[in-house]
Amino acid sequence: MFFSLLIPLKIHALSNGSVGIMPSSEYGSRDWFIYNLNPGETASDYVVISNDSEKEQYVTIHAYDSEPSNIGGFALSGRNSEQKGIGVWVVMEEAEATLAPGEVKKVKFTITIPKDADVGEHSGAITVQTAPKELKGASGISIGTRVGARVYETVPGKIIK
């Protein structure tokens with residue numbers, strides 16, 4: 001039992017069985033994106049998306065603000081919700097991709113903190129969502145699944161209550 005503590009743990013992408021997402025190892029092994037940028041600062045980074053299924057997947061890639069869930073946990077706002085933080089501060093280099101079975105792709109993004117950003121923690125996530133490419137002549141419901149890699153930005157400064 002003691003020896004199991006010495007074995008390095010491998011970080012896995014968050015996946016729904018068809019697509020996955022995780023921070024790139026560009027800046028070391030990490031589970032989430034964590035930044036401490038000052039107002040007006042910009043940083044570039046990479047997210048890794050993967051197709052874990054045996055069929056081609058069309059995906060969209062977006063950033064969203066977090067919001068409290070009905071039980072107080074971490075949840076993401078929806079596509080039709082107004083984004084005020086991470087959802088607009090993060091700009092993806094690519095907003096969509098088509099991944100072959102087993103394909104892994106690194107996608108660049110930038111995070112820019114507005115000069116008037118509130119001091120303190122802001123959270124959200126970069127998501128990858130499956131979606132049909134087109135629904136011409138179809139009726140009914142199309143269901144996409146979404147998974148995300150959390151993004152935390154702490155704007156330094158004195159918090160005034």
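Starting at 0 and stepping by 10 Å, how many percent of the alpha carbon pairs of the range 62-118 end up in each bin?
20, 38, 32, 10, 1
How big is the shadow of the Cα convex hull of the range 17-161, averaged over all directions, in nm²?
Numbers: hull surface 42.6 nm².
Result: a mean projected hull area of 10.6 nm².
Cβ under 12 Å from Ala149's Cβ, Ala149 left aside: what net charge do those residues give with Lys, Arg +1 and Asp, Glu -1? Before the final figure, lay out the partial values.
Numbers: positive: Arg30, Arg146, Arg150; negative: Asp31, Asp45.
The answer is +1.
Given the whole protein assembly as supplied and a 1.4 Å probe, what does the accessible area of Ile61 come to in Å², nearest 10?
0 Å²
How high is the relative contact order of the range 25-156, in percent, counting Cα pairs under 8 Å that sit 6 or more residues apart? Mind dumping the intermediate values first?
Working: 278 pairs, mean separation 48.0, N = 132.
About 36 percent, as a whole number.
Counting only C-alpha contacts under 8 Å and six or more residues apart, can you give the relative contact order of the range 52-106 as a whole percent? The partial results should precede the final answer.
Details: 70 pairs, mean separation 28.3, N = 55.
Value for the range 52-106: 51 percent.
What FRET efficiency comes out for the pair Ser81/Val119, r = Cβ-Cβ distance, R0 = 25 Å, nearest 0.05? Please report the intermediate quantities before stating the final value.
Working: r = 23 Å, r/R0 = 0.94.
Computed FRET efficiency for Ser81 and Val119 comes out at 0.60.
So if we plug the beta-carbon distance of Tyr152 and Glu56 into 1/(1 + (r/R0)^6) with R0 = 25 Å, what FRET efficiency do we get, rounded to 0.05? The partial results should precede the final answer.
Numbers: r = 33 Å, r/R0 = 1.31.
Working from the Cβ atoms, E equals 0.15.
Which of the peptides 49-60, 67-78, 31-42, 120-131 is most tightly packed, and how do the rest follow, judged by the mean count of other Cβ atoms within 10 Å per residue? It would help to have the intermediate numbers written out before the result.
Working: 49-60: 17.6, 67-78: 11.2, 31-42: 14.2, 120-131: 21.0.
Descending packing order for the listed peptides: 120-131, 49-60, 31-42, 67-78.
With every protein chain kept in place and ligands, DNA and RNA left out, what is the accessible area per residue of the range 28-161? Probe 1.4 Å, answer in Å². The partial results should precede the final answer.
Working: 7970 Å² over 134 residues.
Per-residue value: 60 Å².
What's the FRET efficiency of Glu26 with Asn70 using the Cβ-Cβ distance as r and R₀ = 41 Å, to the nearest 0.05? Spell out each step's value before the answer.
Numbers: r = 36 Å, r/R0 = 0.87.
Efficiency for this residue pair is about 0.70.
The values are calculated or read from the model by the stated rules, or taken from the named source; none is laboratory data. Note that the structure is a prediction, hence the values are computed from the model and not measured. Counting neighbours? That spans all protein chains shown, and the Cβs are built from the backbone with ideal geometry, glycine included. Side chains are part of the model used for accessible areas, which takes the heavy atoms of the whole protein and leaves out ligands, DNA and RNA. Shrake-Rupley method; radii C 1.70, N 1.55, O 1.52, S 1.80 Å.
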